[in-house]
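Trainee: Got a structure here, written out as structure tokens. Questions coming.
The values are calculated or read from the model by the stated rules, or taken from the named source; none is laboratory data. Source: prediction; values computed, not measured. A quick note on method: Cβ atoms are made from the backbone with ideal geometry, for glycine too, and the neighbour counts reach across all protein chains shown. The accessibility values were calculated without ligands, DNA or RNA, using every heavy atom of the protein model including side chains. Shrake-Rupley method; radii C 1.70, N 1.55, O 1.52, S 1.80 Å.
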Amino acid sequence: MQKKILFYISFALVGNFSTSAFASQANNDKGTIYWQTYHRPPGIIKEGTEQGSGFVEKALKLIIKEMPEYKHEFPIASLTRALTNIKLYKNVCHPALYKTKERQEYVAYSEATIINPGNRVIARKGTLDEIAEGNYIDLKKLLSSQKYAFSLIKKRSYGQVVDDKISKHLTDSKSQLLASTELGTLFHMVERRRVDFTIAFPFELNYFIEKNKIKDDVFVSYYIKDIPKFTLGYVACPKNAWGKEVINKVNRVLKNVKRKQSYKEAVTSWWGNEQFTEEFIHFYNNRFLNH
């Protein structure tokens, strides 16, 4: 218990950018990139024996290996905090962020660094049977029904198409937006019937099931109708001179490193069989490598 208390105190001090040493460092140290991330397995794993083995982390390591002119720091920060610091033009970047219309006002993006399968609607088996269409869910229809309670991570983007579908429902009485960055909290809420569904990547659910030894017949994952099968993530930095300089360097590195087998192995870590489908291979070779 004492260790947990000390961890939360430390986390709070890191997050309090107005009083911490990080605030002045991130403003003034032009030679340091503060990669702000949080524990979000299996993309980013900040805890346990698998720490550092997330697929976002593996890809980032290959990128920053070619950027020795910068010092690289990895402070823990929620997505909300990272976006706030980017808005404030601090010397912070995020290694794998979705592009959205709102973010493009203040974020400078690299070429694609991460590829993900499309987000899925996650529910307990049987909960959404009357509205599901086989393995698919019409998300707009689901939300408009006002029948099902859901919970999402506050400020998380699910890709522009999904964001547009959910934007009008974030203040619904059936919605719960969590400031927590721990996806396990959302899955537990679904498992315990506190909400009817959430939205997440399939590998996030697979990781949760494996690590918590959940039975295979508890959850069901639905494809969302009318969204791309795969989505892209990008290095994101402030839209100022410093941030654009970092992005230009990242793009130069990506031209070479992204075509290596080691990079493909990094970004598909924890994917399971989904990386071997024809659809994925075609998208990877024809879109991801050229975007």
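Trainee: Looking at the stretch 75-165, which GluC sites (Glu not before Pro) are in a loop (DSSP not H, G, I, E or B) and have at most 15 other Cβ atoms within 10 Å?
Mentor: For GluC sites (Glu not before Pro) across the stretch 75-165 that sit outside H, G, I, E and B with at most 15 neighbouring Cβ atoms in 10 Å, the list reads Glu102, Glu130.
Trainee: Report the calculated FRET efficiency for Lys255 and Gln160 (r = Cβ-Cβ distance, R0 = 45 Å), to the nearest 0.05.
Mentor: 0.95
Trainee: A further question follows. If you take every residue apart from Asp226 with its C-beta less than 14 Å away from the C-beta of Asp226, what net charge results, scoring Lys and Arg +1 and Asp and Glu -1?
Mentor: Working: positive: Arg120, Lys140, Lys141, Lys165, Lys225, Lys229; negative: Glu133, Asp138, Asp163, Asp164.
Charge balance in the 14 Å sphere: +2.
Trainee: If eta is 1.002 mPa s and T is 20 °C, what Stokes-Einstein diffusion coefficient results for the chain, Kirkwood Rh from Cα pairs, in µm²/s?
Mentor: In µm²/s, the coefficient rounds to 107.
Trainee: When the chain is treated as a GNM, springs tying every alpha-carbon pair under 10 Å, which of Val190, Val220, Val161 comes out with the largest mean-square fluctuation?
Mentor: In the Gaussian network model the winner is Val161.
Trainee: Would you kindly derive the ³J(HN,Hα) couplings of the stretch 253-267 from the backbone phi angles with the Karplus curve 6.51 cos²θ - 1.76 cosθ + 1.60 (θ = phi - 60°), listing them in order in whole Hz, with x for Gly and Pro?
Mentor: For the stretch 253-267, the Karplus-derived couplings read 5, 4, 4, 9, 5, 5, 8, 7, 4, 4, 6, 4, 5, 5, 6 Hz, x marking Gly and Pro.
Trainee: Under the classification rounded if a/c is under 1.5, otherwise prolate if a/b is larger than b/c and oblate if not, where does the stretch 119-212 fall, given a ≥ b ≥ c as square roots of the Cα gyration tensor eigenvalues?
Mentor: rounded
Trainee: What number comes out for accessible area per residue over the chain if the probe is 1.4 Å? Units Å², please.
Mentor: 50
Trainee: On to the next question. Pick out, from Ile214, Asn256, Ile199, the residue whose Cα sits farthest towards the positive end of the charge dipole of the chain, with +1 on the Cβ of Lys and Arg and -1 on the Cβ of Asp and Glu.
Mentor: Asn256
Trainee: Measuring from centroid to centroid over Cα atoms, what is the spacing of the stretch 70-100 and the stretch 31-69 in Å?
Mentor: 12
Trainee: Roughly speaking, what is the stretch gain from Lys87 to Thr32, that is 0.36 nm per residue apart minus the C-alpha to C-alpha distance, in nm to one decimal?
Mentor: Roughly 18.0 nm would be gained on extension.
Trainee: Most fluctuating residue of Ala59, Ala200, Ala132 in a GNM of the chain with Cα springs under 10 Å: which is it?
Mentor: Ala132
Trainee: Taking the 0 to 90 degree range and rounding to the nearest ten, how far is the long axis of helix 55-64 tilted relative to the main principal axis of the chain, both from C-alpha atoms?
Mentor: 20
Trainee: Mind scanning Lys99/Lys165; Lys147/Lys229; Lys99/Lys229; Lys101/Lys140; Lys99/Lys125 and naming the pairs with a C-alpha gap bigger than 24 Å?
Mentor: Lys147/Lys229; Lys99/Lys125
Trainee: While we're looking at this one, here's another question. Pop a pseudo-label 7 angstrom from the Cα along the beta-carbon direction at both Glu274 and Asn248 and give the gap in nm to one decimal.
Mentor: In this crude spin-label approximation the distance works out to 3.6 nm.
Trainee: Same structure again: Angle check, please: helix 2-15 long axis (alpha carbons) against the longest principal axis of the chain (alpha carbons), in degrees 0 to 90, nearest 10.
Mentor: Long axis of 2-15 versus the principal axis of the chain: about 70 degrees.
Trainee: Net charge near Lys255, counting Lys/Arg +1 and Asp/Glu -1 over other residues with Cβ under 12 Å of its Cβ?
Mentor: Charge balance in the 12 Å sphere: +3.
Trainee: How much length, in nm to one decimal, is gained on full extension between Glu73 and Thr171, taken as 0.36 nm per residue of separation minus their Cα-Cα distance?
Mentor: Value of the extension gain: 31.7 nm.
Trainee: Per-residue ellipticity at 222 nm for the chain, helices alone: DSSP H runs ≥ 4 residues times -39500 (n - 2.57), over residue total, nearest 500 deg cm²/dmol?
Mentor: -10500 deg cm²/dmol
Trainee: Excluding Lys87 itself, what net charge comes from residues whose Cβ is under 10 Å from its Cβ, given Lys and Arg +1 and Asp and Glu -1? Kindly include the intermediate steps, with their values, before the conclusion.
Mentor: Numbers: positive: Lys90, Arg103, Lys239; negative: Glu105.
With Lys, Arg at +1 and Asp, Glu at -1, the net is +2.
Trainee: Accessible area of the chain with a 1.4 Å probe: how many percent of it is carbon plus sulfur?
Mentor: 50
Trainee: If you place +1 on the Cβ of every Lys and Arg, -1 on the Cβ of every Asp and Glu, and leave all else neutral, what size is the dipole of the stretch 107-239 about its Cα centre, to the nearest 20 Debye?
Mentor: Values: 21 positive and 16 negative charges, 72 e Å.
Computed about the Cα centre, the dipole is about 340 debye.
Trainee: Between the stretch 227-291 and the stretch 157-205, what is the C-alpha centre distance in whole Å?
Mentor: 25
Trainee: While we're here: Just how much of Arg40 is accessible, in Å², when a 1.4 Å probe is used and the result is rounded to the nearest 10?
Mentor: Its accessible surface works out to 60 Å², give or take rounding.
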